[in-house]
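Structure, as structure tokens:
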Amino acid sequence: MGKGQADKSKHGNPWWQRYEISIHEMLSAFDPAAFVRHNTQIPGRFSQVPRQIDVWATGTVIGQQISVAVECKMQKRPVDVQIIDAFIGKLLDIGADRGVIYSYSGFSNGANMRAYAARSPAVLTVALKTPRIVKDSFGVPGYPADLLVQDVPPHWIEDLDKENFRIFIKSGQTPKFL
């Protein structure tokens with residue numbers, strides 16, 4: 001579902017915006033000392049234009065200032081390698097130390113491998129499964145059919161708990177391959 005669509009929930013916010021806000025809130029809870037902003041602009045070092053970032057987190061890790069850019073993708077199809085390449089380009093332009101990309105519909109194998117191979121900055125992919133209530137409520141008013149995406153194959157799903165997220169932030173190593 002694209003950001004340009006006017007599909008809104010009963011709360012008045014488009015689904016994609018509620019998705020971004022929920023990820024912002026979750027990441028804010030991981031480290032209360034970090035400064036976490038939703039929907040911000042960071043100046044591009046190379047492009048010389050402001051770059052939109054879904055979630056921007058900064059903080060001190062082992063005495064070093066770290067910046068993490070988070071992209072939230074809510075679309076029908078799995079994220080492909082071109083989106084990962086564009087995200088890595090954005091990370092380089094804004095000078096982010098790390099990148100995390102969340103996808104509501106998973107990632108292609110090529111996208112996962114491209115993200116895993118990124119080292120400077122490191123990129124973590126996190127696939128979120130379609131909530132069971134959405135799948136079970138097909139045809140019920142309030143649950144749009146375009147939220148009913150295919151199941152994500154198990155090898156695309158990242159078990160991301162606080163400790164694995166901290167490992168990624170500190171070292172840049174992707175927890176699923178440790």
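Observations
- When Ala96 is tested against (1) part of a loop (DSSP other than H, G, I, E, B); (2) modelled with pLDDT under 90; (3) not aromatic (Phe, Trp, Tyr), just one condition goes unmet, and that condition is (2).
- Test: residue in segment 27-49 that is surrounded by 14 or more Cβ atoms within 10 Å (Cβ to Cβ) and under 13 Å from Asp93 (Cα atoms): yes
- Residue list for segment 33-49, filter: closer than 20 Å to Met74 by Cα and either assigned to a loop (DSSP other than H, G, I, E, B) or basic (Lys, Arg) (or both): Arg37
- Among the residues making up segment 104-123, those that are over 18 Å from Val36 (Cβ atoms), open to solvent by less than 30 Å² (accessible area, probe 1.4 Å) and not hydroxyl-bearing (Ser, Thr, Tyr) are Gly106, Phe107, Ala111, Asn112, Ala115, Ala118, Ala122, Val123.
- Flag if Asp54 is surrounded by fewer than 17 Cβ atoms within 10 Å (Cβ to Cβ) and within 22 Å of Ala115 (Cβ to Cβ): no
- Counted residues, segment 50-81 - those being assigned to a loop (DSSP other than H, G, I, E, B) and within 23 Å of Gln17 (Cα to Cα): 6
- Which listed residue, of Ile101, Ile84, is assigned to a helix (DSSP H, G or I), buried (at least 16 other Cβ atoms within 10 Å of the Cβ) and at pLDDT 90 or above: Ile84
- Failed criterion for Val126 (all others in (1) surrounded by 14 or more Cβ atoms within 10 Å (Cβ to Cβ); (2) in contact (Cβ under 8 Å) with a residue 40 or more places away in the chain hold): (2)
- Residue pairs meeting the criteria (Cβ under 7 Å; at least 6 apart or on separate chains; first closer than 27 Å to Met26 by Cβ, in segment 44-59; second open to solvent by 70 Å² or more (accessible area, probe 1.4 Å) and not in a strand (DSSP E or B)): Gly59/Ala33
- Flag for Val68 being modelled with pLDDT of 90 or more and either within 18 Å of the chain's Cα centre (by Cα) or buried (at least 16 other Cβ atoms within 10 Å of the Cβ) (or both): yes
The values are calculated or read from the model by the stated rules, or taken from the named source; none is laboratory data. Predicted, not measured: the structure shown is a model, and the values here were computed from it. Positions of Cβ are generated from backbone atoms using ideal geometry, with glycine treated the same way; all protein chains shown enter the neighbour counts. Just so you know, the surface numbers come from the protein's heavy atoms only, side chains and all, with ligands and any DNA or RNA stripped out. Shrake-Rupley method; radii C 1.70, N 1.55, O 1.52, S 1.80 Å.
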